[in-house]
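To start, the structure under review is shown below, and the notes come after it.
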Amino acid sequence: MIDPPNVMKLKVCMAGEGAVGKTSLIRRYVLDEYEDRYTATLGTKITKKTVSTKDSAGTPVSVSMILWDIMGTATLRELLKEAYYHGAQGILAVADLTRRETLVDLDGWARSIRSVAGDIPTYAVLNKADRDADRRLPHAEAEAFFRERDWPWTYTSAKTGAGVEEAFRGLVDRVLAWVL
Amino acid sequence: MPADERRAERSGGARVSSFHRPDPAVLVKEALERNADDVDALFVLAALKVQGGDVREGLSILDRVLRIDPAYPGGWLFKAKLHGMQGEDGAARSARRRAEEAEG
């Protein structure tokens, strides 16, 4: 008889400025859909997805992810940080390769989340990889930024789906290695 | 017109650039005109009231959110914070307990 896998709940907070693609990444990851029209997120949206994986010892683990999609409005961030980030175990930090400032802004988001949730694992993505012609962020600059913070990262495109599964998987693996 | 805005205009979406982000207050107003019980818009309106210095009004709006959706994400923790800001420690503790129940 095969033992049922361990089940763990995992609260992940999306981080990043408005319009970097946080909602679209969740939509692509969970529903495999993409909506071209931009709709700014108001308040908080919660989406759940269960994934099967293995821990570092090779034991099967069923991870029930609770993805918190939070409005990318930095001005309300400090006021709402306890409400949003309490109990978070992982951060998916999202920047937009067509807007250079969204990379630097990630420090503020990560700092805010960590002030509530502690030094939790972070995985970063440079989204909108399908728009390389509009790129305003050199690869080397992104690489240096993420390396300095020890955040693994990848390019993603919520539009095409490229890199999306890898990013969420990468975060889950990092969190599992941290908590187990 | 920058490529970003041309693309958004073609797709019918909002224009998005570092200089042209939607103002939360405008989004809230539009959402509440469509649906006066939009909990997301009410939650953000509560936060905007508090940010503007009116904690009492923010709490009143937040209470409305929690009447409509007692499991609104982060709602009880935000309520706990606002009661704490008002020096209402008992109400803050009670809201924190409700948060633990709501979020398991």
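Laboratory data are not the source of any read-out in this text; all were calculated from the coordinates shown. No experiment lies behind these values; they were computed from the predicted model shown. Neighbour counts run over all protein chains shown; Cβ positions are idealised from the backbone, glycine included.
At the interface with chain B (Cβ under 9 Å from one of its Cβ atoms), closer than 26 Å to B:VAL50 by Cβ, of a type outside the set (S, T, N, Q) and in contact with a Pro (Cβ under 6 Å, 6 or more places away or on another chain): is that true of A:ALA40 in this structure? Criteria met by A:ALA40.
Residue pairs whose Cβ atoms lie under 6 Å apart, sitting 6 or more positions apart in sequence or on different chains, and linking a residue in region B:21-39 that is closer than 14 Å to A:THR41 by Cβ to a partner that is β-branched (Val, Ile, Thr), are B:PRO24/A:THR73; B:PRO24/B:VAL44; B:VAL28/B:VAL44; B:VAL39/B:VAL65; B:VAL39/B:ILE68. Of the numbered criteria (1) surrounded by fewer than 20 Cβ atoms within 10 Å (Cβ to Cβ); (2) touching a helix residue (DSSP H, G or I) at 6+ places or on another chain (Cβ under 8 Å), the one A:PRO60 fails is (2). Return yes or no: is A:LEU25 closer than 30 Å to A:ARG100 by Cα and outside any loop (DSSP other than H, G, I, E, B)? For A:LEU25, the condition - closer than 30 Å to A:ARG100 by Cα and outside any loop (DSSP other than H, G, I, E, B) - is met. Applying the condition of being among the charged types (D, E, K, R) and touching an Asp or Glu at 6+ places or on another chain (Cβ under 8 Å) to region A:69-99 and asking which residue is nearest to the other protein chains (Cβ to nearest Cβ) yields A:ARG99. Scanning region A:116-136 for residues that are closer than 16 Å to A:THR156 by Cα and buried (at least 20 other Cβ atoms within 10 Å of the Cβ) returns A:THR122, A:TYR123, A:ALA124, A:VAL125, A:LEU126, A:ASN127, A:LYS128. Spot the failing condition for A:LEU80; the list is (1) crowded, with 19+ Cβ neighbours inside 10 Å; (2) in contact (Cβ under 8 Å) with a residue 24 or more places away in the chain, and only one is missed. Unmet condition: (2). For region A:137-180, residues that are β-branched (Val, Ile, Thr), surrounded by fewer than 14 Cβ atoms within 10 Å (Cβ to Cβ) and not in a helix (DSSP H, G or I) total 1.
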